[in-house]
Structures are given as C-alpha cells and as structure tokens.
Amino acid sequence: MSALAGIGMTSQRTRERMIARLREQGIKDEVVLAAMLAVPRHIFVEEALASRAYEDVALPIGLNQTISQPYVVARMTELLRGGKNLGRVLEIGTGCGYQTSVLSKVASEVFSIERIAPLLTKAKNHFRELKLRNVKVKHGDGNDGLPEIAPFDGIIVTAGATHLPEELLRQLAVGGRMVIPVGSAEQMLTLVERLPGEYRKTGLEAVKFVPLLSGAV
Ligand code: SAH
C-alpha cells in the first residue's frame, strides 16, 4: 500500500476522527472540514511521527520549525474564508506545506513564501505528490509579500509577528481578510478586514507560533 493511502494510524478513518474532534472544538465551516478531510496530514511529518500526525498537536518538521496543530490550521482557514469563496490567497511561512495544501482546496490560487530553502524543497515535493496545481511558492522574506501579484483576497501569516507588516496590509484587497498571530512569546490570533478607507482589527484567541523573522536563508 502506498504511503499516501496510509494504514492504521494514518488511514482515512483516523482523519475522520480528526474532523469529528475539530467539530467538537467549534469549527463550523464545512468547506474547511472537507478540505482537511481531503489532505493527508501524515505525509507532511517525519515517518517516525506519522502515527501522531492526526493528534491535535504541533509537531517538529526539522530546522527548528513546526507543523501547526490541526485546530489552528482549521481556525485560521475558517477565519480567512469568512464564509466566502476565496480567489487569490497569499501565505507567509510555507513550512512543510500542510496549511498551503488545505488552502489549495478552498482558494482558486495560492501563493506561499518561505524563508528557509530546504523546507520549501520538501513542501514542493508534497505539492507534486498531491497533484496540487494551483499552488505557487517563492523563496524569500514574506514581509515583502508579492507586490507583482497583489492584491490578495486573503493573506495568512503562519508565524508569530510582533506587529502587522505594513507591506502586507497594502497588498490586501479591499474586502479582503488577513489572519495573523501578533505578539512575542505568545500571540493573539488577529483578523484584519480591509474595508473601504479602514482596516478593522479583531483579536480572537491566544496561539503559539514560531517567530516571523526577516530575510531569507
Ligand atoms: N504553515 C506551516 C507552519 C509553518 S511554521 C504549517 O502548515 O504547518 C512557520 C514557518 O514560517 C517556518 O517554516 C518559518 O521558516 C517561516 N517563516 C518565518 N519567518 C518568515 C518570513 N519572514 N518569510 C517567510 N517565511 C517565514
């Protein structure tokens, strides 16, 4: 059996249990739940950890980075959608590419930026394996965004920012939504809605992310 199909702890049934738990945790957006049922999370973690891939924990992906816990991925995707279909989306912090893959199921186009080159190489392999055709990645500093592609209907930052990055705010479409953890050791998951003439900020819940850094390595 292929690694993609999965056996035992990595099977479809295990994924269904994860979806049931997400519902209990308050995730209501069926489009998000369907996307997370469709993406095999275990292929994104080291083989030794694959049996833990569906637990609600963040796991190491090497180079001091982590794959976000399922609840946080679901919550951020639900907030980004705000109940509406997404066109063009920008993600900062590709990491292993799990969140990116979930986004690829709920948006028509996904652009993702990662500053650590070897992580991006692995993520690209996963996108190929999953035959995701609407994902484009860039190696670089996500703080700069992608001015040549902007504006984005949604911007999701999957690393903890100390403040709202100005350039990313500029690249958000009017009517668009940004979801970003803001703070230092612990962050407040923050929703920024760009309205005509103002940015409306809402703090939602405490989260813990690795820091948003500058520059690419
Ligand atoms: N989205 C991932 C989580 C990745 S962890 C998931 O699905 O699990 C955060 C990632 O953000 C790390 O890979 C880190 O290297 C990256 N990162 C941190 N600062 C960055 C920056 N300025 N630009 C791009 N990527 C950044």
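Put simply, when 24-30, 171-177 are sorted by average Cβ atoms within 10 angstrom per residue, most first, you get 171-177, 24-30. Carbon-plus-sulfur fraction of the accessible area of the chain, 1.4 Å probe, in percent? Looking at the chain in its full context, I get 53 percent from C and S. A protection proxy built from the mean count of other Cβ atoms within 10 Å ranks the segments 197-208, 70-81, most packed first, as 70-81, 197-208.
Using the rule -39500 (n - 2.57) for each DSSP H run of four or more residues, divided by the residues of the chain, the 222 nm mean residue ellipticity is -8500 deg cm²/dmol. Take every Cα pair under 8 Å whose residues are at least 6 apart in sequence, average their separation, divide by the length of region 8-207, and the relative contact order is 15 percent.
Work out the length of the dipole vector of the chain about its Cα centre, built from +1 on the beta-carbon of each Lys and Arg and -1 on the beta-carbon of each Asp and Glu, and round it to the nearest 20 debye. Display every interim value, and only then the final one.
Values: 27 positive and 23 negative charges, 109 e Å.
Charge dipole, the chain, about its Cα centre: 520 debye, nearest 20.
The label point for Ser11 and the one for Leu213, both projected 7 Å from the Cα toward the Cβ, are 4.1 nm apart.
Given the pairs Lys84/Lys105; Lys28/Lys84; Lys105/Lys136; Lys131/Lys208, which are separated by over 19 angstrom at their Cα positions?
Details: Lys84/Lys105 13 Å; Lys28/Lys84 13 Å; Lys105/Lys136 14 Å; Lys131/Lys208 31 Å.
Correct reply: Lys131/Lys208.
The slack in the chain from Glu166 to Glu30, taken as 0.36 nm per residue of separation less the alpha-carbon distance, amounts to 45.7 nm. Let me make sure I get this right: for region 98-164, a, b and c are the square roots of the gyration tensor eigenvalues over alpha carbons, sorted descending. Under 1.5 in a/c it's rounded, otherwise prolate if a/b > b/c, else oblate. Which is it? Cα axes put region 98-164 in the oblate bin.
Can you tell me the alpha carbon radius of gyration of the chain divided by the globular rule-of-thumb value 2.2 N^0.38 Å? Spell out each step's value before the answer.
Details: Rg = 16.1 Å, N = 217, 2.2 N^0.38 = 17.0 Å.
Expressed relative to 2.2 N^0.38 Å, the Cα Rg reads 0.95.
How charged is the neighbourhood of His139? Take every other residue with its Cβ under 9 Å from the Cβ of His139, and add Lys/Arg as +1 and Asp/Glu as -1.
That sum, taken over residues with Cβ under 9 Å, equals +1.
Counting only DSSP beta bridges with both residues in the chain, the antiparallel share comes to about 50 percent.
Add +1 for every Lys or Arg and -1 for every Asp or Glu among the other residues with Cβ under 12 Å from the Cβ of Gln65, and state the total.
Taking every Cβ under 12 Å from that of Gln65, the sum is +1.
The values are calculated or read from the model by the stated rules, or taken from the named source; none is laboratory data. Predicted, not measured: the structure shown is a model, and the values here were computed from it. Cβ coordinates were reconstructed from backbone atoms using ideal geometry, including for glycine residues, and neighbour counts include every protein chain displayed. Protein only, heavy atoms only, side chains kept; ligands, DNA and RNA dropped before computing areas. Shrake-Rupley method; radii C 1.70, N 1.55, O 1.52, S 1.80 Å.
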